[in-house]
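Trainee: Have a look at this one.
The values are calculated or read from the model by the stated rules, or taken from the named source; none is laboratory data. Since the structure is predicted, the reported quantities are computational estimates derived from the model, not experimental observations. For neighbour counting, all protein chains shown are included, and Cβ atoms are generated from backbone atoms with ideal geometry for every residue, glycine included. Accessible surface is based on the protein model in full, side chains and every heavy atom, while ligands, DNA and RNA are left aside. Shrake-Rupley method; radii C 1.70, N 1.55, O 1.52, S 1.80 Å.
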Amino acid sequence: MASEIRIPKLGMSAQTVVLNEWMFGDGETVAKGDVIYTVETDKTTVDIEAQAGGVIHPTGEEGATYKVGDIVGTIE
């Protein structure tokens, strides 16, 4: 079963973030704990780690703005 990659809650005030960069391309293998993408809030840039290992399928677009909880990919 695929694990959803969601935009996490980052602090009390951030409701939206910009997805800056994916570190892995579609179909690449990631391990739990690998930094898979970075996001930018109005205050900082944050590395987001994989919560599971497997084959990654990013669907979120770099440079786009997302709300906390939005799905931006899967790991199978």
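Trainee: How high is the FRET efficiency from Glu28 to Glu61, r the C-beta distance, R0 25 Å, rounded to 0.05? List each step's numbers first, then the result.
Mentor: On the way: r = 17 Å, r/R0 = 0.69.
So, using R0 = 25 Å, E works out to roughly 0.90.
Trainee: Starting at the first residue of the range 48-59, write each ³J(HN,Hα) from the Karplus equation 6.51 cos²θ - 1.76 cosθ + 1.60 with θ = phi - 60°, in whole Hz, x for Gly and Pro.
Mentor: In residue order, the calculated couplings are 10, 9, 5, 8, 8, x, x, 9, 8, 9, x, 10 Hz.
Trainee: While we're here: Could you compute the net charge surrounding Asp34? Neighbours are other residues with a C-beta less than 11 Å from the C-beta of Asp34; K and R count +1, D and E count -1. Display every interim value, and only then the final one.
Mentor: On the way: positive: Lys32; negative: Glu28, Asp47, Glu49.
Result for the neighbourhood of Asp34: -2.
Trainee: Taking the chain, which trypsin sites (Lys or Arg not before Pro) meet the DSSP loop condition and have no more than 14 other C-beta atoms within 10 Å? Mind dumping the intermediate values first?
Mentor: On the way: sites: Arg6, Lys9, Lys32, Lys43, Lys67; in loops: Lys9, Lys32, Lys43.
Passing both the DSSP loop test and the Cβ count: Lys9, Lys32, Lys43.
Trainee: Over the range 28-76, with every protein chain in place, what whole percent of the accessible area is carbon and sulfur at 1.4 Å, could you tell me? Walk me through the numbers on the way to the answer.
Mentor: Working: 1250 of 2760 Å².
For the range 28-76, the apolar C and S fraction of the accessible surface comes to 45 percent.
Trainee: Now for a different question. Could you pull the Cα extents of the range 3-75 along its three principal axes, largest to smallest, in whole Å?
Mentor: 32, 20, 17
Trainee: Summing +1 for each Lys or Arg and -1 for each Asp or Glu, what net charge is found among the other residues whose Cβ lies under 13 Å from the Cβ of Ser13? Provide the component values of the computation, followed by the final result.
Mentor: On the way: positive: Lys9, Lys43; negative: Asp42.
Result for the local shell: +1.
Trainee: Another question, then. Over the chain, what relative contact order in percent results from Cα pairs under 8 Å that are six or more residues apart?
Mentor: Working: 180 pairs, mean separation 32.3, N = 76.
Reported as a whole number, the value is 42 percent.
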